[in-house]
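> Next up is a structure, given as structure tokens.
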Amino acid sequence: MIRIEELAKSFVAPGGGPLSGLTLKGRPPRVVQAVRDVNLHAPDGHITGLLGPNGAGKTTSLRMLAGLIAPDAGRIHVDGIDVRTQPRAALARMGVLSDARGLYPRLTARENIVYYGRLQGMERDAAHARAEALAQMFEMGPLLERRTDGFSQGERMKTALARALVHDPANIVLDEPTNGLDVLATRALRDSLRWLRTPEGGAKCIVFSTHIMQEVERLCDSVVVVAHGRTVAAGTVDELLAQTREQDFEEAFVKLAFVDELALAE
Amino acid sequence: MSRLQTLLTILRKELRDALRDRRTLLTVLASSVLMGPLVLLAISALVASLESSAELREVVVADLDRAPTLQNFFERQTYTVKAAPADYEALLRKATLSDAVVVVPKDFEEALVRGDAPIVEIVSDSANQRSQASAGRVAALLAGFSRERATLTLALRGVSPDAVEPVRVEERDLASTQTRATQITGMLPFFVLMAVLTGALNAALDTTAGERERGSLEPLLMNPAEPWILVLGKWGAVASVGMLIAVLACFSFLPGQWLLRSDRLAAMFQYGVREALLFLVVLLPFAAAASALLMAVAIRCKTFKEAQASTTVVMLAASLLPLINVFSLGEESPWYLWVPALAQNVLMTHVLKGEDFSAAQWLVPLFVCAVLSAGGVWFVARTLRSAAAR
């Protein structure tokens with residue numbers, strides 16, 4: 001279970017800085033408010049979609065969830081563990097597929113997966129067994145002993161996902177996982193996530209960020225719409241349709257996410 | 001899993017990764033480890049050719065027929081007298097001719113008899129090093145001729161030869177054979193230092209800037225391992241690669257020594273297992289410090305290429321600092337030992353001279369290396385998160 005409340009984060013844009021006032025070319029520091037007020041509640045056995053346009057603050061929010069950057073304000077709890085005070089305990093309960101998902105090209109897929117298993121504190125045998133089980137689940141058995149150097153996008157994605165799930169975490173966080181995947185690979189991923197949601201699959205808590213409406217409609221049990229660093233709506237797809245009085249989810253999303261832009265246009 | 005196990009996991013992975021980069025590894029091995037022995041070989045070839053020309057006992061004279069007395073003297077000194085080629089000046093300039101040429105004036109014999117002190121020229125080219133060496137020998141030979149003439153003249157007049165030589169001069173050289181050899185082998189420590197640096201460079205960049213460029217740093221930090229454990233593991237792997245190169249470079253001089261063509265140089269350049277081990281005692285801390293420093297510079301860079309440009313400064317400093325020792329003609333200053341790269345060069349030069357260095361002399365650079373390593377690791381650990389998020 002993941003709970004994010006009133007999360008906020010601002011950055012000082014590059015170019016500005018403490019010394020910029022002293023130099024001739026320096027611009028004054030520009031503060032970018034990436035995340036203003038993001039709220040999210042993702043229960044177990046449930047796929048929660050984090051839907052928002054590019055630059056809405058999805059990736060920044062998920063990076064804060066993973067403890068990579070410290071939030072300016074707000075609370076993040078993973079299974080009741082505060083990410084701010086106990087980041088490592090929280091990370092042990094999370095499998096994160098981040099925006100950056102680079103593999104080690106000189107290592108085989110198996111070595112990539114087992115390395116993360118060991119970093120998560122697994123024994124060697126357990127990590128190897130888990131790598132094989134995941135390879136079966138993602139249908140990447142033949143890839144396991146190959147170096148990841150020549151992998152296709154889909155193969156990389158599968159390896160990165162297996163790497164993130166190696167310690168069988170109760171919470172799975174995926175940042176735009178379908179980016180660069182073809183139809184078949186996307187379908188396979190969807191099937192895997194659906195299975196992970198079921199009690200047999202472990203009733204995982206899955207948070208899934210995307211900017212693609214169809215993904216959300218097909219997969220997610222509930223949606224959190226983020227725009228301009230704020231959570232602007234939350235609920236099931238049907239609830240959001242009812243809230244906006246629209247038939248089409250895309251229209252509903254545009255209404256919810258681009259309120260300011262629509263107001264300006266009128 | 002304990003911190004130590006995590007650290008070892010990271011260390012093993014990074015080592016495996018570095019050792020699988022065969023092409024880079026081979027380039028480093030070929031360029032840095034073979035460099036020393038090759039230089040040694042080139043020096044020995046030069047020394048051997050100088051020695052062989054000295055052993056030949058030849059003297060080249062232009063217009064020899066003008067000076068039978070001189071020829072007689074040369075031959076009595078068991079020198080072979082050779083006639084100079086007609087275009088000897090051009091040949092000397094082109095360095096085709098490696099012997100200085102003695103030029104005898106027209107009325108040499110008559111002037112000699114009259115006591116007019118004829119002028120004999122020794123022609124050489126100072127840009128032609130071998131002719132310079134030969135000029136020195138020929139000058140000494142001609143001085144011997146003058147002395148003999150003077151002694152004979154005085155003896156005929158019943159004067160003791162001591163009258164013209166009231167003071168006898170004898171030279172005594174305090175340098176040991178090994179000290180003299182360092183004039184030639186003085187650049188070897190420099191090559192070893194560069195080998196260690198280039199060995200560590202690639203691994204240092206790959207574990208920091210390379211990790212950022214691949215986009216693998218962010219997922220790595222989403223594991224529950226503490227950043228400083230991650231960095232310690234990475235640093236351990238980079239330092240191990242640097243140390244491996246150091247070991248290979250130090251021991252590569254042992255077989256390199258067998259290739260020495262000059263017996264005299266081989267006798268002067270005493271480099272055995274003891275010297276190799278002393279080199280390592282100096283170099284291993286340096287490899288650790290250099291690794292940490294390179295990683296600290298590289299972690300600020302987003303790409304491998306950018307990091308290569310930034311680390312050039314470190315490489316340049318490490319190659320220029322030892323020159324202070326090479327070019328300083330006077331005494332070593334105590335502050336040399338506080339400067340990384342320079343200190344290692346000083347200590348290794350001591351080893352080559354056959355002098356031991358004291359524990360105190362070794363502890364100063366060790367302390368500097370420890371501070372550099374700790375500082376580098378601390379900086380990388382501190383920067384890691386912000387580097388991944390950018």
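Please treat every number below as a calculation from the coordinates, not as lab data. What you are looking at is a predicted structure, and each value in this text was computed from that prediction instead of being measured. Positions of Cβ are backbone-derived with ideal geometry, glycine not excepted, and every protein chain shown enters the neighbour counts.
> Provide the convex hull volume over Cα atoms per residue for chain B, in Å³.
Considering the Cα atoms of chain B, their hull volume per residue is 174 Å³.
> Using a Förster radius of 25 Å, what is the FRET efficiency between B:Glu55 and B:Glu89 based on their Cβ-Cβ separation? Nearest 0.05, please.
According to the calculation, E is roughly 0.45.
> Still on this structure: Quick one: putting +1 on the C-beta of Lys and Arg, -1 on the C-beta of Asp and Glu, what dipole do you get for the protein assembly as shown around its Cα centre, in Debye to the nearest 20?
It works out to roughly 800 debye.
> Tell me, what is the FRET efficiency for A:Gln153 and B:Ala374 to the nearest 0.05, using R0 = 35 angstrom and their Cβ-Cβ distance as r?
0.25
> Quickly work out the B:Arg3-to-A:Arg124 label distance, labels modelled 7 Å from Cα along the C-beta direction, and quote it in nm with one decimal.
Between A:Arg124 and B:Arg3, the simple spin-label model gives 2.4 nm.
> Same structure, new question: Report the one residue of B:Pro118, A:Ser192, B:Ser333 whose Cα lies farthest in the direction of the positive end of the charge dipole of the protein assembly as shown (charges on C-beta: Lys and Arg +1, Asp and Glu -1; origin at the Cα centre).
Going by the charge dipole, the pick is A:Ser192.
> Further, regarding this structure: Enter the Cα centre distance for the pair region A:76-111 and region B:1-78, rounded to the nearest angstrom.
Using only Cα atoms to place each centre, the spacing works out to 53 Å.
> What aspartates and glutamates sit close enough to A:Lys204 to cross-link, taking a C-alpha to C-alpha distance under 12 Å and skipping anything fewer than 8 places away on the same chain?
Straight-distance partners of A:Lys204: A:Asp44, A:Asp79, A:Asp168.
> Continuing with this model, one more query. Could you identify which residue out of A:Leu91, A:Leu143, A:Leu184 has the top mean-square fluctuation in a GNM of chain A using Cα springs shorter than 10 Å?
Greatest mean-square fluctuation among the candidates belongs to A:Leu184.
> Using a Gaussian network for chain B with springs between C-alpha atoms less than 10 Å apart, which of these wobbles most: B:Thr198, B:Thr24, B:Thr69?
Comparing B:Thr198, B:Thr24, B:Thr69 in the GNM, the peak value goes to B:Thr69.
> Then there is this: Only helical DSSP H runs with n ≥ 4 go in: add -39500 (n - 2.57) per run for the protein assembly as shown, normalise by residue count and round the 222 nm mean residue ellipticity to 500 deg cm²/dmol.
Using -39500 (n - 2.57) per qualifying helix, the result is -17500 deg cm²/dmol.
> While we're looking at this one, here's another question. How would A:His41, B:His350 line up from fewest to most surrounding beta-carbon atoms within 10 angstrom?
A:His41, B:His350
> At 0.36 nm per residue, and after removing the present C-alpha to C-alpha distance, how many nm does the segment from A:Asn39 to A:Asp182 gain when stretched out fully?
So the chain would gain 48.3 nm between A:Asn39 and A:Asp182.
> Can you give the charge dipole size of chain A about its Cα centre, rounded to the nearest 20 debye, using +1 on the beta carbon of Lys and Arg and -1 on the beta carbon of Asp and Glu?
1160 debye
> What net charge do the residues around A:Gly52 carry, taking every other residue with its C-beta under 11 Å from that of A:Gly52, with Lys and Arg at +1 and Asp and Glu at -1?
Value of the local net charge: +1.
> Taking 0.36 nm per residue of separation and subtracting the Cα-Cα distance, what length does fully extending B:Ser310 through B:Arg22 add?
Between B:Ser310 and B:Arg22, full extension yields 101.3 nm more.
> For B:Leu323 and B:Asp116, calculate 0.36 nm times their separation in residues minus their Cα-Cα distance, and state this gained length in nm to one decimal.
Contour length minus the Cα-Cα distance gives 69.4 nm.
> Among B:Leu64, B:Ile324, B:Val377, whose Cα lies farthest out toward the positive end of the dipole of the protein assembly as shown, if unit charges sit on the beta carbon of Lys, Arg (+1) and Asp, Glu (-1)?
Value computed over the given set: B:Val377.
> Report the antiparallel proportion of the DSSP beta bridges in region B:1-160 as a percent, rounded to a multiple of 5.
Just about 30 percent of them are antiparallel.
> In µm²/s, what is D for the protein assembly as shown at 4 °C and 1.567 mPa s, where D = kT/(6 pi eta Rh) by Stokes-Einstein and Rh is the Kirkwood radius from Cα pairs?
My calculation gives 42 µm²/s for D.
> Using only Cα atoms, tell me the angle between helix B:188-207 and the longest principal axis of chain B; keep it within 0 to 90° and round to the nearest 10.
20 degrees
> Could you calculate the FRET efficiency of A:Ile212 with A:Leu241 from 1/(1 + (r/R0)^6), where r is the beta carbon distance between them and R0 is 22 Å, rounded to 0.05?
Rounded to the nearest 0.05, the efficiency is 0.80.
> Once the dipole of chain B is set up with Lys and Arg at +1 and Asp and Glu at -1 on Cβ about the Cα centre, which of B:Ala359, B:Leu41, B:Thr349 lies farthest towards its positive end?
B:Ala359
> Let me ask another. Can you flag which of A:Lys158/A:Lys255; A:Lys58/A:Lys158; B:Lys234/B:Lys305; A:Lys9/B:Lys234 are past 24 Å Cα-Cα?
Listed pairs above 24 Å: A:Lys158/A:Lys255; A:Lys9/B:Lys234.
> Return the sequence-ordered ³J(HN,Hα) values of region B:109-120 in whole Hz as given by the Karplus equation 6.51 cos²θ - 1.76 cosθ + 1.60 applied to θ = phi - 60°, using x for Gly and Pro.
5, 4, 4, 4, 5, 6, x, 8, 6, x, 9, 9
> Now a separate question. Near B:Lys106, which lysines are there with a Cα under 22 Å away, not counting those fewer than 8 places off in the same chain?
List returned: B:Lys82.
> Label 7 Å along Cα→Cβ of A:Ala70; region B:369-389 residues with amide nitrogen under 19 Å?
B:378-389
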